[in-house]
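Notes follow the structure.
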Amino acid sequence: MSDMEEVEGPEGPAAPHRVIGTPPPTPRLLGSGQGTEDGGAADGHGAEVEPAEERLPEVSDYPSHASNAEKIVAWCFLIAFIAGCGFIAAYVGLEVGSVDATLRSNLALGFSLSVVMLGLGLGALIWVRQLMPDAELTEIRHAPRSPEKERQAFAEYFAEGTGASQFVKRPLVRRTLLLATLPLAAIPIVVLRDLGPLPYTSLRHTVWAPGRRLLVYGTNQPITSAEFSAPGGMITIVPDGFTDDQDALAKAAVLLIKFRPGELQVPTRYDGSTLIGTMNWTVDNIVAYSKICTHVGCPVALYEQTTHHILCPCHQSTFDAATGATVIFGPAPRPLPQLPLTVDAQGYLVSKSDFTQPVGPSFWERG
Amino acid sequence: MTSSDDFKAPRWLAGTGGWLDDRFGGARGIRQLLKKVFPDHWSFMLGEIALYSFVILLLTGTFLSFFFVPSAAEIVYHGSYTKLDGIRMSQAYASTLNISFDVRAGLLMRQIHHWSADLFMASIIVHLLRNFFTGAFRKPREVTWLIGVVIFMLGLLEGLFGYSLPDDQLSGAGIRILEGVLLGIPIVGTYAAFFLFGGQYPGTAIIPRMYIIHVLLIPGILLALITAHLIFVFYQKHTAMPAINQTDRIETGQPFYPYFLAKTTAWFFFVFAACAILATFAQINPVWQYGPYTPIAISSASQPDFYMGFLEGALRMMPAWEWNFLGHTISFSVLIPFAVPAGIIFGGLLFWPFFEQWATGDRSYHHVNDRPRNAPIRTATGIAGVVFYGVLWAEGANDVIADKLQIPLYTVTWIARVLIFVGPLVAFIVTRRICLGLQRKDKELLEHGLETGIIRQLPDGEFVEIHRPMNEEERAILEAKKVPALMPAPGSEDEHGVPAPKSRGAVGWARGVANRAFAETVVVEADGHGNGHGNGHAPGEEYAELGPGELSESSVPHPDPLLWHPHEEPPEES
């Protein structure tokens, strides 16, 4: 400290010494063993005596390996300097704007930046390992727990303070205060209400409606059953009028699959005692299923012609297209909903109606 | 009072220091900080990797935010990437292409950002495992541990939102899955999804909302938590690995200034170099190849970043279970993968320190880490958790595994469905036995010393191998084992026939069982050969603190003629 006071000379008088009666300066940062050098014996750590201040080892002289290391460190930093200049040169000199130019620029910039970092890292590491004298210090680990006296004093003052606040004594104030904070706590949640509209029944409907044309995804052209004549084929369909509407497509995307005669088995169920065909909504062995997986909504995009299996690439739910898209493997709980098909006056495939059940993932209100 | 004979602080530095101390004080406290001791071990660098990856993330993320446009508004692209010329896409995707191809160093920054995010999560996982297996989470460091687990969980969310921002085809699938999972939450799920997305999926609200969560909300919380984490590490001091000069009372290591400061700065540069090298030579997330997001298309082998893999695997593994009742749907095929693995992993991590305290009844401070073998139940549980996580994670790439290894896809999933139950169990049993086996090896070393490979013939013709007793350093490591105290057996009674209070009831019984499992150990015999230091502690006794003074006793020459004493010349072979 004496050094520090001396050099402060020009700035003014040295730091004033402590005035008698004022509290001693206390360290403000989290440190080790605060307050124990003065009163260590009194604060419950009586058994521990602060060890004498350890000193770092003296740097005696420079052995030959240190002077070698010094050169290596300097080389590392020099290389980092050169690479840093190289980075700036590459930034200035190399334009981007095409894939090739970007890759060249990325290579030059990334390489030079890597060398900068490696040079600095290696230099610093060799410096600390080879040039600094090996030092090991020992510190006492103090228990974080405050001495019992301090804890009691704290508890006493806290009790005093609480008593003085009369928080306990005056229930009317206490309870009305708590009451006042209840709506306050609810406000942050309430104001989130306008984050979005309520769902109502919107998840139950798509934009498919009677007579809406099926357009081929990509070309956006309507299609007749004759045009889609190759058995085993699968194409993705979007609804006419919504070809660029992502919100509509997220529910209304459809797979169109053509079967050979006799391959497609229409699901049946017993209505009372008579077996009736359900979902008898196909045209010319062409069937339309929702493309949105009933698991968590990925597009079911993989179709295996020989087995008629539709596979979701996300979680491998597998649906049998020949039997009403029933689930044969994976986490999807339901078949893919089928879109009722028919043809319009021009012979184009159109939807007979919307899906008869909600498409996509399960939700609480689905039922 | 100069600190070194070589160096005297220049006037400007000393003057500045004096000026600051006049106003804020703190010379003493800061001196103590500068002299703060850091115990050394390679595994203590893992947390630093996470810290420095976070710093790199902040630096590169700030750069990216200058150019990224967080908007779902559609535009027609006419930029430098000609393959997508004329394609409709969101501004978010278009601006990501611009960062990649039209901003100098933009691609490098994007790739460093993504690589350091992966490094952040990977180093957190390894750092967490190190702290678990060495018992570094024990009193007084439970809160530091809890904060770390929360950082891990927030990191998952931060990463998910981050890689989803470019609005490319691959990450869009991830967001679609997020929506499907939200819908699967009973009662509030549909509302949660509608409020997050501002209506039906996908809408236009999700990108700006993810953006502000990704660049402000979560990083802000992470910054606060990381700061608290570091302050606690500083304040409570670092743990030490078992060694001769590390006890629960003293720690030994190099001081912060200049040693640790220089080392950790070097380490920062190395971490940055690793990210920069990866970003230069290893392409990551080439969004221009995936194309802009549309909910209608997807590519095969869609995988999230590695840290989301275990949740993805859980979704893939689950069979199709769903309940419909009273007009409502509970989709267990979404709910269980969403809640159960994460609940087991994160819940387990959060509760473990307190469970262990409850089972061992150990309320004392622990500053010296355990060697994993010396806590067989903890280590076995940890390995079981690793296997559980690993099976989920591998199943997250089941299609790739099936493709590369030519195993049928469904077989891979079925193997995972079996392994998720059997794997952790087997891992637990095997690991526990390995731990006890390694303890037996330690016992052997302490009681009989190390086999030297030197054979000596005794006067009666018998050949024996010379054992060298452990030296002080080796002995300190081996003897650092601490065994939890054994509680009264469940249902046991004291001399008055009163059952021990903590052993009553089902909870007491469970605690007794857990306690006996934790207290199991290989006892080192007190009169073992070459062990002049009595350490035959039965389970239940706390080991006495080993001070340097006590340790030096153990080098007293031992009368056993078969032992080679380190201070003697090695015996000649006869």
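The values are calculated or read from the model by the stated rules, or taken from the named source; none is laboratory data. Here the structure is a predicted model, which is why all the values come from computation and not from measurement. We place every Cβ from the backbone using ideal geometry, glycine too, and count neighbours over all the protein chains shown.
Restricting attention to the stretch A:79-87, does a residue exist that is more than 8 Å from every other protein chain (Cβ to nearest Cβ) and in a loop (DSSP other than H, G, I, E, B)?
Our first condition is that a residue be more than 8 Å from every other protein chain (Cβ to nearest Cβ); within the stretch A:79-87, this holds for A:79-87.
Filter again for in a loop (DSSP other than H, G, I, E, B), leaving none.
So far as the stretch A:79-87 goes, no, none of its residues is more than 8 Å from every other protein chain (Cβ to nearest Cβ) and in a loop (DSSP other than H, G, I, E, B).
I'd like the full set of residues that are of a type in the set (Phe, Trp, Tyr) and crowded, with 19+ Cβ neighbours inside 10 Å, limited to the stretch B:352-372.
Step one: of the stretch B:352-372, the residues of a type in the set (Phe, Trp, Tyr) are B:352, B:354-355, B:358, B:365.
Within the stretch B:352-372, just B:Trp352 meets the criteria.
If you check B:Leu409, B:Leu392, B:Leu419, B:Leu458, which single one turns out to be without any contact (Cβ under 8 Å) to a residue 40 or more places away in the chain and within 14 Å of chain A (Cβ to nearest Cβ)? Even if it seems obvious, please write down each step before you answer.
Numbers: B:Leu392 fails: without any contact (Cβ under 8 Å) to a residue 40 or more places away in the chain; B:Leu419 fails: within 14 Å of chain A (Cβ to nearest Cβ); B:Leu458 fails: within 14 Å of chain A (Cβ to nearest Cβ).
So the residue among B:Leu409, B:Leu392, B:Leu419, B:Leu458 that is without any contact (Cβ under 8 Å) to a residue 40 or more places away in the chain and within 14 Å of chain A (Cβ to nearest Cβ) is B:Leu409.
Among the residues of the stretch A:141-150, is any in contact (Cβ under 8 Å) with a residue 60 or more places away in the chain, exposed (fewer than 12 other Cβ atoms within 10 Å of the Cβ) and either away from chain B (no Cβ under 14 Å) or not in a helix (DSSP H, G or I) (or both)?
yes
Confirm whether A:Leu203 is part of a helix (DSSP H, G or I), under 43 Å from the mean Cα position of the chain (by Cα), aliphatic (A, V, I, L, M) and within 14 Å of chain B (Cβ to nearest Cβ). Can you show your working first?
Working: part of a helix (DSSP H, G or I): yes; under 43 Å from the mean Cα position of the chain (by Cα): yes; aliphatic (A, V, I, L, M): yes; within 14 Å of chain B (Cβ to nearest Cβ): yes.
Yes; evaluated as a whole, the condition is true for this residue.
So B:Arg363 passes all but one of these: (1) in contact with a Ser or Thr (Cβ under 7 Å, 6 or more places away or on another chain); (2) among the basic types (Lys, Arg); (3) assigned to a loop (DSSP other than H, G, I, E, B). Which condition number does it fail?
(1)
Would you say B:Arg432 is under 19 Å from B:Arg378 (Cβ atoms) and either modelled with pLDDT of 90 or more or surrounded by 16 or more Cβ atoms within 10 Å (Cβ to Cβ) (or both)? Before the answer, list the steps.
Details: under 19 Å from B:Arg378 (Cβ atoms): yes; either modelled with pLDDT of 90 or more or surrounded by 16 or more Cβ atoms within 10 Å (Cβ to Cβ) (or both): yes.
Against the criterion (under 19 Å from B:Arg378 (Cβ atoms) and either modelled with pLDDT of 90 or more or surrounded by 16 or more Cβ atoms within 10 Å (Cβ to Cβ) (or both)), B:Arg432 qualifies.
Under 8 Å between Cβ atoms, which residue pairs at least 6 apart in sequence (or on different chains) link something in the stretch A:175-198 that is within 9 Å of chain B (Cβ to nearest Cβ) and surrounded by 10 or more Cβ atoms within 10 Å (Cβ to Cβ) with a partner that is part of a helix (DSSP H, G or I) and aliphatic (A, V, I, L, M)?
A:Leu195/B:Leu196; A:Gly196/B:Leu196
Quick check on B:Gly382: is it under 18 Å from B:Phe132 (Cβ atoms) and exposed (fewer than 14 other Cβ atoms within 10 Å of the Cβ)?
no
Restricting to the stretch A:299-315, name every residue that is crowded, with 23+ Cβ neighbours inside 10 Å and within 8 Å of chain B (Cβ to nearest Cβ).
If the condition is that a residue be crowded, with 23+ Cβ neighbours inside 10 Å and within 8 Å of chain B (Cβ to nearest Cβ), then A:Pro299, A:Cys314, A:His315 are the ones that fit.
Cβ contacts < 7 Å: first residue more than 9 Å from chain A (Cβ to nearest Cβ), restricted to the stretch B:200-214; second residue β-branched (Val, Ile, Thr) and surrounded by 21 or more Cβ atoms within 10 Å (Cβ to Cβ), any location; separation 6+ or different chain. Result?
Here the result reads B:Ile206/B:Ile175, each pair linking the stretch B:200-214 to a residue that is β-branched (Val, Ile, Thr) and surrounded by 21 or more Cβ atoms within 10 Å (Cβ to Cβ).
Taking the criterion of being out of contact with any strand residue (DSSP E or B) (no Cβ under 9 Å at 6 or more places or on another chain) and not in a helix (DSSP H, G or I), would at least one residue in the stretch B:87-95 satisfy it?
So far as the stretch B:87-95 goes, no, none of its residues is out of contact with any strand residue (DSSP E or B) (no Cβ under 9 Å at 6 or more places or on another chain) and not in a helix (DSSP H, G or I).
Looking at the stretch A:213-232, which of the residues that are touching a residue at least 60 places away in the same chain (Cβ under 8 Å) and in a loop (DSSP other than H, G, I, E, B) is farthest from A:Ala301 (Cα to Cα)? Before the answer, list the steps.
Here is the first cut: in the stretch A:213-232, the ones touching a residue at least 60 places away in the same chain (Cβ under 8 Å) are A:213-214, A:222-226, A:228, A:232.
Those left that are additionally in a loop (DSSP other than H, G, I, E, B): A:223, A:225-226, A:228, A:232.
Numbers: A:Ile223: 20, A:Ser225: 21, A:Ala226: 23, A:Phe228: 18, A:Gly232: 14 Å.
Selected residue: A:Ala226.
When the stretch A:233-245 is examined, which residues are found to be assigned to a loop (DSSP other than H, G, I, E, B), in contact (Cβ under 8 Å) with a residue 12 or more places away in the chain and in contact with a Lys or Arg (Cβ under 8 Å, 6 or more places away or on another chain)? First the steps, then the outcome.
Keep residues of the stretch A:233-245 that are assigned to a loop (DSSP other than H, G, I, E, B), which gives A:233, A:240-245.
Next, from what is left, pick out any that are in contact (Cβ under 8 Å) with a residue 12 or more places away in the chain: A:233, A:240-243, A:245.
Selection gives A:Gly233, A:Asp240, A:Gly241.
Does B:Asp370 satisfy the criteria of being among the acidic types (Asp, Glu), more than 30 Å from B:Val412 (Cα to Cα) and either facing chain A (nearest Cβ under 10 Å) or in contact (Cβ under 8 Å) with a residue 12 or more places away in the chain (or both)?
Working: among the acidic types (Asp, Glu): yes; more than 30 Å from B:Val412 (Cα to Cα): yes; either facing chain A (nearest Cβ under 10 Å) or in contact (Cβ under 8 Å) with a residue 12 or more places away in the chain (or both): yes.
The answer is yes for B:Asp370.
Restricted to the stretch A:233-265, and to residues that are in contact with a helix residue (DSSP H, G or I) (Cβ under 7 Å, 6 or more places away or on another chain), among the aliphatic types (A, V, I, L, M) and more than 10 Å from chain B (Cβ to nearest Cβ), which residue is farthest from A:Trp208 (Cα to Cα)?
A:Leu264
Got a sec? Which of B:Ile175, B:Ile221, B:Ile207, B:Ile213 is within 27 Å of B:Ile151 (Cβ to Cβ), of a type outside the set (Ser, Thr, Tyr), in a helix (DSSP H, G or I) and under 23 Å from the mean Cα position of the chain (by Cα)?
Details: B:Ile175 fails: under 23 Å from the mean Cα position of the chain (by Cα); B:Ile207 fails: under 23 Å from the mean Cα position of the chain (by Cα); B:Ile213 fails: under 23 Å from the mean Cα position of the chain (by Cα).
Sole residue among the options that is within 27 Å of B:Ile151 (Cβ to Cβ), of a type outside the set (Ser, Thr, Tyr), in a helix (DSSP H, G or I) and under 23 Å from the mean Cα position of the chain (by Cα): B:Ile221.
Taking the stated definitions as given, is A:Ile187 part of a strand (DSSP E or B), at negative phi and not small (Gly, Ala, Ser)?
Against the criterion (part of a strand (DSSP E or B), at negative phi and not small (Gly, Ala, Ser)), A:Ile187 does not qualify.
Within the set of pairs 6+ apart or on separate chains, which have a first residue in the stretch A:352-367 that is facing chain B (nearest Cβ under 7 Å), a second that is in a loop (DSSP other than H, G, I, E, B) and of a type in the set (Val, Ile, Thr), and C-beta atoms under 6 Å apart?
What qualifies is A:Pro361/A:Val296; A:Trp364/B:Ile187.
This table checks each residue for (1) more than 7 Å from chain A (Cβ to nearest Cβ); (2) within 20 Å of A:Ser105 (Cβ to Cβ); (3) without any contact (Cβ under 8 Å) to a residue 60 or more places away in the chain.
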position: B:Ala72; (1), (2), (3): yes, no, no
position: B:Ile75; (1), (2), (3): yes, no, yes
position: B:Gln91; (1), (2), (3): yes, no, yes
position: B:Ile99; (1), (2), (3): yes, yes, yes
position: B:Asp102; (1), (2), (3): no, yes, yes
position: B:His113; (1), (2), (3): yes, yes, yes
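Given the conditions (1) surrounded by fewer than 24 Cβ atoms within 10 Å (Cβ to Cβ); (2) more than 19 Å from B:Ser331 (Cβ to Cβ), and given that B:Gly172 satisfies all but one, which numbered condition is not satisfied?
(1)
Within the stretch B:46-57, identify whether any single residue is under 25 Å from the mean Cα position of the chain (by Cα), away from every other protein chain (no Cβ under 12 Å), modelled with pLDDT under 95 and part of a helix (DSSP H, G or I), and answer yes or no. Let's see the steps before the verdict.
Applying the first criterion (under 25 Å from the mean Cα position of the chain (by Cα)) to the stretch B:46-57 yields B:46-57.
Filter again for away from every other protein chain (no Cβ under 12 Å), leaving B:46-51, B:53-55, B:57.
Applying the additional criterion that residues be modelled with pLDDT under 95 yields none.
Within the stretch B:46-57 (the criterion being under 25 Å from the mean Cα position of the chain (by Cα), away from every other protein chain (no Cβ under 12 Å), modelled with pLDDT under 95 and part of a helix (DSSP H, G or I)), the answer is no, since none of the residues qualifies.
Would you kindly identify the strands (runs of 3 or more DSSP E) lying entirely within the stretch A:310-367 that contain at least 1 residues that are β-branched (Val, Ile, Thr) and over 21 Å from B:Ile296 (Cβ atoms)?
Details: elements: A:318-320, A:326-329, A:341-343, A:349-351.
In the stretch A:310-367, A:326-329, A:341-343 are the strands (runs of 3 or more DSSP E) which contain 1 or more residues that are β-branched (Val, Ile, Thr) and over 21 Å from B:Ile296 (Cβ atoms).
Picking from B:Ile415, B:Ile455, which residue would you name as being over 22 Å from B:Val524 (Cβ atoms) and in a strand (DSSP E or B)?
Numbers: B:Ile415 fails: in a strand (DSSP E or B).
B:Ile455 is the lone residue from the list that is over 22 Å from B:Val524 (Cβ atoms) and in a strand (DSSP E or B).
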